[in-house]
Amino acid sequence: MEIVACLSNKANLPRLKDYVGGVIFGSLFSLRFHYSLKDCREIVDYCHQNDLKAYIAVDALISENDKTMMYSYFEFVRSLDVDGIYFSDLGVINIARGYGIADRLIYEADTLMTNSLDAAFFIRMGIDVVAARELEIVELTNLLKKNSGHMDMQIFGHFRMSSSKRKFLTNYQKEIDKDFDVSAKDLRIVEESRYYELPIIEDEFGTRIYTDYIFCAYEELAKLRPYIRRGIVDDTFVNQDLFFDFLADLKKLDENNARYLRNSLLNKYSSAPLSEGYLYQKTVDKK
Amino acid sequence: MKKVELLAPAKDIAKAKIAVLYGADAVYVGGKSFSLRSRASNFDLDDLKEITHFAHTHGSKLYVTVNIVFHDEDLVGIKEYIKELDSFGVDAIIVSSIGLVQIAKTIAPNMECHISTQMSSLNSDAVAVLEGFGADRIVLGRELSMEEVKNVTMKSMLPVEVFIHGGMCSNYSGRCTLSNRMTLRDANRGGCAQSCRWKYRLYQGTNLLSSDDKLFSMSSKDLRASAYIEDMIRCGVASLKIEGRMKSEYYIAQVVKTYRKLIDEIYASTVPLSAERLAYYDNELSKAENRPADDGFLSGDCDNTKHLYGINGSGVTHDYVAIVRRYDANRSLALVEVKNKFSVNEELEVFGPCLDNTQFVNRLMFNEEWKSIEVANKPTELLYLRVPFAVNKDDMIRKVHTEE
């Protein structure tokens, strides 16, 4: 398993290179990152000079009117010589083919990659896929084993729960006529009868909502890592000390020390909302 | 030019028949398995066979949703199910899995595969890729402007289907797991709890930003695209889709009939639809709406006026009071089944597949023992009403609201 970090801060690169095999960054059409084109080049150069892989996220869904800009952007993406392109919109396959870089595609379909039929279909096309986050441990294990070496999964961080083209925060601000920064990164929503604090982000692509918890599984990861192509770690909304402690643990993680390492992290960051996500929490088609 | 298809939803056989009778060119339904809206999916295999036959004998098509986001455990029995649907003559399945398209094309090559809106197809490149994957039709995501719908449709080789009416996901369909987290009900396997319609407090750090008398919500107004039907027809959209597999027979009848008339008027006319005619159709549609509606992204952005704050779910209309089961023309007596409360001396309106809105005052009402009654307030009770004009089985009766 190659550890791939979402590069929330370019300044983290020198520190990250000791822990990860690659980074994910992005500029236009990215739901995670908004680096300048100049920054993107510098990131790729730094990665390749330091034996890191550089992956670009082009993971926004693309409306028809944005396609012209997308085609121009792919000229730039091709020129970057990245090692992989995370995408979410199937139209990207067509665009990448046009630029001769379809062999670098990695399909990050959020919720949709939940079964071996779909995974196998894309893998046969030469496209690696990212497993959905809503899988419980047995089905995740089976899915990864069946497609061993071709599936990525998010192994640390808050999960993205929803994505909308609507600008919910701007709209709400207008509705209640109150001044606040809709682009702030520390906004949370809490349902009126529940306690989950859900991070919420708005930008030009719309609004995304994330889980209240930080996915962090040690023992399971120790067992699954031989089958995972890339393990994605995302430090968005996460305390940096916690994040780098987790990365340090990953370097020495095995099935024998997994429980000890996890308990140590839990003790050190007892107030952090660490969770095993859906691994032991099956979501069903309850009515 | 091939006439655009009007595609209606149905929760059960009775509603599917209503959709066909009131003018739908095609109906989409869900089976007991493999379908979203699991609460709406009341069709077992016998039902699916029956409704496919009914639709075909009335010149309509029948599509079956097989659109859950499959986990491996859900795939058990899927091949047999698809074979059964094909043997009934089902015209298409609506899917959100490319892997499933491959299976369906292998075992039922003549049955079409329509790509669900769950796959958020928003551009002509995505349509082209899906065509290469074996899809026969694409249901576009609901995030496109009319200009974008036109551009995608005109650039695409595959037929394009567009939602024109009904409830809207406020997040990209198929990519939302709010319900999973809040209730452990899988939004993408038929269990969506509509957590987007709930109310939330908004914080920055510990600072409360939201107003307690109007909490934050993602709830969307419903879609009503009546003003765009003419544009959609002219740019070559293949199918106009009504949302609402949970909706009542009254909703299905009123919305299908209104769009049927609107589409037919557009085709029959050589001039664009007038503002007065559009206002008439909007008024007709409003009779069945139980949430405020607007045109969604079709006119561009979705600002705060297109959201619902302070309203969690849908209201229930009680204007629909009865459905005609039989009519005795000699005695001008209609046998009706009561749906909601109504009284003698109220002004009522009848509409049906072959009857435009026609009003009468409910002067006389009897129960099945021929006892005169003043108030009908027992749902499913059969009553006789004096109706001074011919009505037919499956015509519907509603109250008339007069402005005071």
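In this entry, residue B:394 is excluded by the filter for residues that are outside the structural domain of residue B:16 (by TED's automatic domain parsing) and either in a strand (DSSP E or B) or among the basic types (Lys, Arg) (or both). The single condition from (1) in contact with a His (Cβ under 8 Å, 6 or more places away or on another chain); (2) within 7 Å of chain A (Cβ to nearest Cβ); (3) aliphatic (A, V, I, L, M) that residue B:135 fails is (2). Which one is surrounded by the most Cβ atoms within 10 Å (Cβ to Cβ) among residues in the range B:354-381 that are over 18 Å from residue B:399 (Cα atoms) and in contact with an Asp or Glu (Cβ under 9 Å, 6 or more places away or on another chain)? Among them, the one singled out is B:367. Give the range A:190-209 a look and list any residue that's assigned to a strand (DSSP E or B) and within 10 Å of chain B (Cβ to nearest Cβ), or say none. Within the range A:190-209, A:190, A:191, A:198, A:200, A:206, A:207, A:208, A:209 qualify. Residue B:251 falls short of the stated requirement of being farther than 30 Å from residue A:193 by Cα, of a type outside the set (D, E, K, R), touching a Leu at 6+ places or on another chain (Cβ under 8 Å) and crowded, with 19+ Cβ neighbours inside 10 Å.
What's the number of the condition residue A:11 fails, among (1) among the small types (Gly, Ala, Ser); (2) under 26 Å from residue A:252 (Cβ atoms); (3) touching a residue at least 12 places away in the same chain (Cβ under 8 Å)? Against the list (1) among the small types (Gly, Ala, Ser); (2) under 26 Å from residue A:252 (Cβ atoms); (3) touching a residue at least 12 places away in the same chain (Cβ under 8 Å), residue A:11 comes up short only on (3). Specify the residue that is surrounded by the fewest Cβ atoms within 10 Å (Cβ to Cβ); the eligible residues are those in the range A:103-112 that are more than 10 Å from chain B (Cβ to nearest Cβ) and either among the acidic types (Asp, Glu) or over 20 Å from the mean Cα position of the chain (by Cα) (or both). Looking at the filtered set, the residue picked out is A:103.
The set of residues in the range B:346-356 being within 14 Å of residue B:256 (Cα to Cα) and in contact with a strand residue (DSSP E or B) (Cβ under 6 Å, 6 or more places away or on another chain) consists of B:351 alone.
Among the residues of the range A:34-54, at least one is surrounded by fewer than 17 Cβ atoms within 10 Å (Cβ to Cβ), at pLDDT below 95 and within 25 Å of residue A:241 (Cα to Cα).
Against the conditions (1) buried (at least 24 other Cβ atoms within 10 Å of the Cβ); (2) touching a Gly at 6+ places or on another chain (Cβ under 9 Å); (3) within 13 Å of chain A (Cβ to nearest Cβ), residue B:128 satisfies every one except (1). Taking the range B:166-180 as the search range and keeping residues that are in contact with a helix residue (DSSP H, G or I) (Cβ under 6 Å, 6 or more places away or on another chain) and under 19 Å from residue B:63 (Cβ atoms), which one is farthest from the other protein chains (Cβ to nearest Cβ)? In this case the residue turns out to be B:173. Restricting attention to the range B:181-209, the residues being more than 7 Å from every other protein chain (Cβ to nearest Cβ), among the polar types (S, T, N, Q) and within 19 Å of residue A:132 (Cβ to Cβ) number 2. Among the residues of the range A:190-210 satisfying the criterion of being aromatic (Phe, Trp, Tyr) and out of contact with any Phe, Trp or Tyr (no Cβ under 7 Å at 6 or more places or on another chain), which is surrounded by the most Cβ atoms within 10 Å (Cβ to Cβ)? It comes out as A:205.
Select from the range B:67-82 the residues that are part of a helix (DSSP H, G or I) and surrounded by fewer than 17 Cβ atoms within 10 Å (Cβ to Cβ) and write down the one among them that is farthest from the other protein chains (Cβ to nearest Cβ). So the residue we want is B:80.
Evaluate the range B:83-91: report whether one residue or more is closer than 30 Å to residue B:193 by Cβ and either part of a helix (DSSP H, G or I) or within 14 Å of another protein chain (Cβ to nearest Cβ) (or both). I'd like the intermediate steps shown before the answer.
Step one: list which residues in the range B:83-91 are closer than 30 Å to residue B:193 by Cβ, which gives B:85, B:90.
When the remaining residues are screened for being either part of a helix (DSSP H, G or I) or within 14 Å of another protein chain (Cβ to nearest Cβ) (or both), the result is B:85.
Among the residues of the range B:83-91, at least one is closer than 30 Å to residue B:193 by Cβ and either part of a helix (DSSP H, G or I) or within 14 Å of another protein chain (Cβ to nearest Cβ) (or both), which makes the answer yes.
The single condition from (1) of a type in the set (Ser, Thr, Tyr); (2) free of Cβ contacts under 8 Å to residues at least 24 places away in the same chain; (3) within 15 Å of residue A:4 (Cα to Cα) that residue A:86 fails is (2).
Residue A:151 meets each of the listed conditions (1) within 26 Å of residue B:168 (Cα to Cα); (2) in contact with a helix residue (DSSP H, G or I) (Cβ under 6 Å, 6 or more places away or on another chain); (3) among the aliphatic types (A, V, I, L, M) apart from (1). Do the conditions hold for residue B:306, that is, is it touching a strand residue (DSSP E or B) at 6+ places or on another chain (Cβ under 9 Å), modelled with pLDDT under 95 and either closer than 23 Å to residue A:164 by Cβ or not assigned by TED's automatic domain parsing to the domain that holds residue B:23 (or both)? Considered against the rule, which asks whether it is touching a strand residue (DSSP E or B) at 6+ places or on another chain (Cβ under 9 Å), modelled with pLDDT under 95 and either closer than 23 Å to residue A:164 by Cβ or not assigned by TED's automatic domain parsing to the domain that holds residue B:23 (or both), residue B:306 comes out as yes.
Listed by first and then second residue, the pairs linking a residue in the range B:227-242 that is more than 20 Å from residue B:94 (Cβ to Cβ) and among the aliphatic types (A, V, I, L, M) to a residue that is part of a loop (DSSP other than H, G, I, E, B) and at pLDDT 95 or above, with Cβ atoms under 6 Å apart and 6 or more places separating them unless they lie on different chains, are B:233/B:4. For residue A:58, are the conditions met, namely being without any contact (Cβ under 8 Å) to a residue 60 or more places away in the chain, more than 27 Å from residue B:122 (Cβ to Cβ) and of a type in the set (Val, Ile, Thr)? For residue A:58, the condition - without any contact (Cβ under 8 Å) to a residue 60 or more places away in the chain, more than 27 Å from residue B:122 (Cβ to Cβ) and of a type in the set (Val, Ile, Thr) - is not met.
Only one of (1) in contact with a Phe, Trp or Tyr (Cβ under 9 Å, 6 or more places away or on another chain); (2) within 12 Å of chain B (Cβ to nearest Cβ); (3) not in a loop (DSSP other than H, G, I, E, B) is not met by residue A:86, so which one is it? All conditions are met except number (2). Note on the range B:144-165: among residues that are touching a Leu at 6+ places or on another chain (Cβ under 7 Å) and among the β-branched types (Val, Ile, Thr), the one that is nearest to the other protein chains (Cβ to nearest Cβ) is B:152.
Yes/no matrix, rows are residues, columns are (1) within 23 Å of the chain's Cα centre (by Cα); (2) modelled with pLDDT under 95; (3) not in a loop (DSSP other than H, G, I, E, B):
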| site | (1), (2), (3) |
| --- | --- |
| B:270 | no, yes, no |
| B:298 | yes, no, yes |
| B:312 | yes, yes, no |
| B:317 | yes, yes, no |
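Return the residue satisfying two criteria in turn: it lies in the range A:242-287 and is more than 20 Å from residue A:210 (Cβ to Cβ) and acidic (Asp, Glu), and of such residues it is nearest to the other protein chains (Cβ to nearest Cβ). Per the criteria, the residue is A:285.
Scanning the range B:346-356 for residues that are in contact with a Leu (Cβ under 7 Å, 6 or more places away or on another chain) and either outside the structural domain of residue B:390 (by TED's automatic domain parsing) or not in a strand (DSSP E or B) (or both) turns up at least one hit.
Take residue B:110 and tell me if it is facing chain A (nearest Cβ under 8 Å) and not aromatic (Phe, Trp, Tyr). No: the conditions fail for residue B:110. The single condition among (1) within 12 Å of chain A (Cβ to nearest Cβ); (2) within 30 Å of residue B:351 (Cα to Cα) that residue B:96 does not satisfy is (2).
The values are calculated or read from the model by the stated rules, or taken from the named source; none is laboratory data. These numbers come from a predicted model, not from an experiment. Every residue, glycine as well, gets a Cβ built from its backbone with ideal geometry; the counts of neighbours run over all protein chains shown.
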